[in-house]
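Novice: First the structure, then my questions, so here it is.
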């Protein structure tokens, strides 16, 4: 489960004092110092379940039901679950002013995945970009063109992210770091 571990790891880092810090809102918010190893284990276990639910349940609901309102309800319930659980677990954890950078997030995600997985995700993203271009450029309704353009934007960003993680990973291997 390297991909999901990478997602979980992307919100954690060690601060200047060697303490583990978790950033519930990633690069957009403050971190909380996890002074208790039990809290960290519980938080990581929750995040793994949360990311699996978001990445598996929401798309499955779209594919198998096509009911937009159910997707919206599920997304709201999952978001509330995330907010409630992280606030509860982190309520006693001190806030740190040290910020999480995008590079640290990408490095953590890249380190948790092997190079083959990152290449597979990069190539899959590129295939979806090509599909989006086909959708946007072929004759058809405006909604298909919009869907194609959104596909290009979303999967183009994903391809860029995977490429950046591969670059960081190759730099890491070149220096002997793991």
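Quick note: the coordinates plus some simple rules give every number you see, no bench work behind them. None of the values given here were measured: they were computed from a predicted structure. Positions of Cβ are backbone-derived with ideal geometry, glycine not excepted, and every protein chain shown enters the neighbour counts.
Novice: Of the conditions (1) assigned to a helix (DSSP H, G or I); (2) touching a helix residue (DSSP H, G or I) at 6+ places or on another chain (Cβ under 8 Å); (3) closer than 22 Å to residue 34 by Cβ, residue 133 clears all except one; give me its number.
Specialist: Residue 133 satisfies every listed condition except (3).
Novice: Just to be sure I understand, how many residues within the stretch 4-23 are under 16 Å from residue 87 (Cβ atoms) and over 12 Å from the mean Cα position of the chain (by Cα)?
Specialist: 2
So that you can scan it fast, the table gives a plain yes or no per residue for (1) within 29 Å of residue 20 (Cα to Cα); (2) in contact (Cβ under 8 Å) with a residue 24 or more places away in the chain; (3) surrounded by fewer than 17 Cβ atoms within 10 Å (Cβ to Cβ):
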| site | (1), (2), (3) |
| --- | --- |
| 126 | no, yes, yes |
| 134 | no, no, yes |
| 142 | no, no, yes |
| 165 | yes, yes, no |
| 171 | yes, no, yes |
